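Working notes, structure below.
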């Protein structure tokens, strides 16, 4: 088979790269660090978008669109924010090209220099809060609950398809509130939406928690994240929700008259998930045969392959397949029928395994005689023969089983890979030989976190929202600590 | 009323600007020429997107995503293309900012200059054909039928909300074919999709036609467009579909082995509609009271306003309203219930008129006694009293009537404003005093078209696909001509 993947055990990183390319999800473009998302990959992203968009709207949010460009001066207004993003900004300095008379081609026209440079948005807090300034006068104008689907650019030096790219697609919510309490509730509401999406749709179990100061968003008072565990034992931050306090309101002078007529600064949140979720989805479930997609996000949930020797048999098979398709569609199940004649069934089986289609049905003349059909599930690779009669209920049930099974598999793996550790030796041993999350005491200082990172590359992934208070000693410094936090190597 | 608009007769251009701002559709941003699309405006765009996306998929297309940036050198590869777009390109030259130690703020880091400048895409033919090069080897890889939803940037000097902005949102289809015939069929298929969308969903009648050489897309052999007529008698190009021949295939060396194994260049099309459609939608139907939205694209089709003197009455009204909402929703009709207590009904009526909500229902205690409800339609501003019993069928029918009526109104206006003209004096007279499309003979030369434009600002909007061959003389040069074409002033 031409499309064989590197195995996970051989080289996990290469396996991921192979899989993304060979399953036609994405590829690197001619522009350094920017990817092309191919139709099959984009179809998965569209399913994610549709579900997330519904969840945002169900929780009272609306969509809008703000400019791609941010005037450079806006960036200086919030000190932590500029420090966090200045090093990776694409900068527009000119607005015209002209023909190069001497050498041919085109050159930048030096006469078309912008008065103020424009930054291609790495995130939109600054341009949005500059806009909100004009929208907010009174408490009656609050809350503002806006989301934006957009592309953003962060000039990363080392990039990997979906996981870290110079341009990526995401949604960014930006909300404005009259009270601190309401803004914190919003921040928490969204991290719950993200967790529900990850677990119920992506079938990826996540830990919800707070980031340490080191890992907080530039400009936030508190960052909540969901953290997922990949099959190589590394964590992947999959979504973040930030309580921004009044930092951006102060930077852009956004105040409102409260019910008593007193001027106050507005409270803010922002939150986002990106095409990075594609990386999490791919790495959490897939195997050495290819992608394993949760039925709820698969571009098509079922593929049907006809099995025949003579082309004449195809018509009879196709007639039956059309009936099956109608029945499946009536159940809301998406189906692809691959009746192309230039590929053999074996090639098709491998191709749809590679592409992670949850259920494969194969129908041949003998099946037709017996009133049966061959059913293969992608997650376990099990094959069975089912009755054609009632196949739609059978498949419907099977898709639910698969969705539940791949979640359970990922959940069990994650649970087996949260290791309580109480000594520095053990910490290093588990990190190196087992991986996963390490649950350990930490003295709460950025210095200790930095030291641990310098020695092991492990970072604090989060301080889980659900935890048991427990007296202990910091695994590194030995200083007292009142709770455990989760460390891991991370993407 | 605080939100009064300039009237159309007083100042059409100001009326449009007022309407866009006051109906909360969009506003200018802090970045020159870039707009903020506000939630109400974006909700209309989302409805447009959803319908267009469905129509593209129903005709066999899939979505994908290509990079925002295009290496400068790619632009030189197709000569007409670079000439068309070089003058309005935003150029990224650096990838980092640094803190300005002397003056505070941030400055562009001179050490972070890109080796090759990147252009923010004004359109994506070049980056996409550079990608297709690797995707196409054999006729079996064709056709490629891809669409992309994206933002693009064209550094226009004079901008107007939705109609002409430096950044805009659009979709761009880019297809690759084995034969010329198939590419032409694709180009025509899409212009038909656009026309169907404009007429059936936007309720905007359009003329389908071919562009003259002067008005063709930079790099196309043939450009098809749909042209709509606004209430001020100016035309608005609302969508274009380009037959690109083998120009981009040759520029990027994209060949395929045909069935006989012979290498051939691939045939291409591209096509797009943008947030400019929002401008067409607004200008085609709206009046001095505000927006008039076609029911098929309205964010909510019905608004219900309760009428009461004492707050206690509201509970009884709301109970009935909940029943009505359930019945309307069961019919697939979207409804907003505005029971806010801080605004009077009169204010709400004016507000929803301004926002173009197709149907307004008002329910008070006397209606409840009589089993009736007040129904106001936005298009004609007619009010009537309807029976509460069966209100959902009544409203369903009314929405269909409104959709049909605003199309008819726009259609009648358009038909009254296609004027056959056979002399140059008449041409200038009609252009100045009546406006609309002028159907006239033209000698087919770019020179004549340029002269007419220089003298009158009128351009050839299109050579309609449907026409009667007719011998005549060019209205300007007097040279022979075999058909009439449509001239107009245009946005």
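Hey, could you check the range B:58-77 for residues that are assigned to a helix (DSSP H, G or I) and at the interface with chain A (Cβ under 10 Å from one of its Cβ atoms) and say which is nearest to residue B:198 (Cα to Cα)? Residue satisfying both the conditions and the ranking: B:75.
What are the pairs, 6+ residues apart or on separate chains, where a residue within the range A:243-265 that is more than 20 Å from residue A:187 (Cα to Cα) has its Cβ under 6 Å from a residue that is at pLDDT 95 or above and crowded, with 21+ Cβ neighbours inside 10 Å? Once the first residue is more than 20 Å from residue A:187 (Cα to Cα) and sits in the range A:243-265, its partners that are at pLDDT 95 or above and crowded, with 21+ Cβ neighbours inside 10 Å give A:252/A:129; A:252/A:130; A:256/A:136; A:256/A:266. Quick check: anything in the range A:113-123 part of a helix (DSSP H, G or I) and either touching a helix residue (DSSP H, G or I) at 6+ places or on another chain (Cβ under 9 Å) or in the same structural domain as residue A:258 (by TED's automatic domain parsing) (or both)? Scanning the range A:113-123 turns up no residue that is part of a helix (DSSP H, G or I) and either touching a helix residue (DSSP H, G or I) at 6+ places or on another chain (Cβ under 9 Å) or in the same structural domain as residue A:258 (by TED's automatic domain parsing) (or both). Picking from residues in the range B:457-466 that are in contact with a strand residue (DSSP E or B) (Cβ under 7 Å, 6 or more places away or on another chain) and not in a strand (DSSP E or B), the one that is surrounded by the fewest Cβ atoms within 10 Å (Cβ to Cβ) is B:465. The criterion of at least 3 residues that are buried (at least 18 other Cβ atoms within 10 Å of the Cβ) is met by the following strands (runs of 3 or more DSSP E) wholly inside the range A:204-291: A:206-210, A:222-229, A:235-245, A:267-274. Taken as a whole, the structure leaves residue B:127 outside the set of residues that are in the same structural domain as residue B:43 (by TED's automatic domain parsing), at pLDDT 95 or above, under 28 Å from residue B:236 (Cα atoms) and buried (at least 24 other Cβ atoms within 10 Å of the Cβ).
Pick from A:411, A:476, A:394, A:491: which is farther than 27 Å from residue A:13 by Cα and in contact with a helix residue (DSSP H, G or I) (Cβ under 9 Å, 6 or more places away or on another chain)?
A:476
May I ask you to list the residues in the range B:467-477 that are surrounded by 12 or more Cβ atoms within 10 Å (Cβ to Cβ) and without any contact (Cβ under 8 Å) to a residue 12 or more places away in the chain? Once the filter is applied, which keeps residues that are surrounded by 12 or more Cβ atoms within 10 Å (Cβ to Cβ) and without any contact (Cβ under 8 Å) to a residue 12 or more places away in the chain, the range B:467-477 yields nothing. Those residues that are out of contact with any helix residue (DSSP H, G or I) (no Cβ under 9 Å at 6 or more places or on another chain), in a loop (DSSP other than H, G, I, E, B) and facing chain B (nearest Cβ under 7 Å), I need them from the range A:87-101; list them, please. Within the range A:87-101, just A:90 meets the criteria. With crowded, with 18+ Cβ neighbours inside 10 Å and at positive phi as the only criterion, which of B:162, B:168 stands out? Just one listed residue meets the conditions, B:162.
For residue A:80, are the conditions met, namely being more than 30 Å from residue B:46 (Cβ to Cβ), touching a residue at least 12 places away in the same chain (Cβ under 8 Å) and either assigned to a strand (DSSP E or B) or assigned by TED's automatic domain parsing to the domain that holds residue A:191 (or both)? Yes: the conditions hold for residue A:80. Please find, within the range B:443-452, the residue that is nearest to the chain's Cα centre (by Cα) out of those that are without any contact (Cβ under 8 Å) to a residue 60 or more places away in the chain and surrounded by 13 or more Cβ atoms within 10 Å (Cβ to Cβ). In this case the residue turns out to be B:452. The combined condition, being closer than 27 Å to residue A:197 by Cβ, at the interface with another protein chain (Cβ under 9 Å from one of its Cβ atoms) and in a helix (DSSP H, G or I), is fulfilled by residue A:40.
Return yes when residue A:17 is more than 7 Å from every other protein chain (Cβ to nearest Cβ), closer than 21 Å to residue A:157 by Cα, surrounded by fewer than 20 Cβ atoms within 10 Å (Cβ to Cβ) and at pLDDT 95 or above and no when it is not.
On the way: more than 7 Å from every other protein chain (Cβ to nearest Cβ): yes; closer than 21 Å to residue A:157 by Cα: yes; surrounded by fewer than 20 Cβ atoms within 10 Å (Cβ to Cβ): yes; at pLDDT 95 or above: yes.
For residue A:17, the condition - more than 7 Å from every other protein chain (Cβ to nearest Cβ), closer than 21 Å to residue A:157 by Cα, surrounded by fewer than 20 Cβ atoms within 10 Å (Cβ to Cβ) and at pLDDT 95 or above - is met.
Test residue A:112 against the stated conditions and say whether it is within 7 Å of chain B (Cβ to nearest Cβ) and buried (at least 16 other Cβ atoms within 10 Å of the Cβ). So residue A:112 does not fit the description; no. Within the range A:162-175, being closer than 18 Å to residue A:219 by Cα and more than 13 Å from every other protein chain (Cβ to nearest Cβ) holds for one residue alone: A:172. Put simply, of B:84, B:104 the only residue that is farther than 28 Å from residue B:279 by Cβ, more than 19 Å from the chain's Cα centre (by Cα) and within 12 Å of chain A (Cβ to nearest Cβ) is B:104. Only one of the listed residues (B:23, B:30) is touching a helix residue (DSSP H, G or I) at 6+ places or on another chain (Cβ under 8 Å) and within 7 Å of chain A (Cβ to nearest Cβ). That residue is B:30.
The values are calculated or read from the model by the stated rules, or taken from the named source; none is laboratory data. Just so it is clear, the structure is predicted and the values come from calculations on it, not from any experiment. Glycine also receives a Cβ, built like all others from the backbone with ideal geometry; neighbour counts cover every protein chain displayed.
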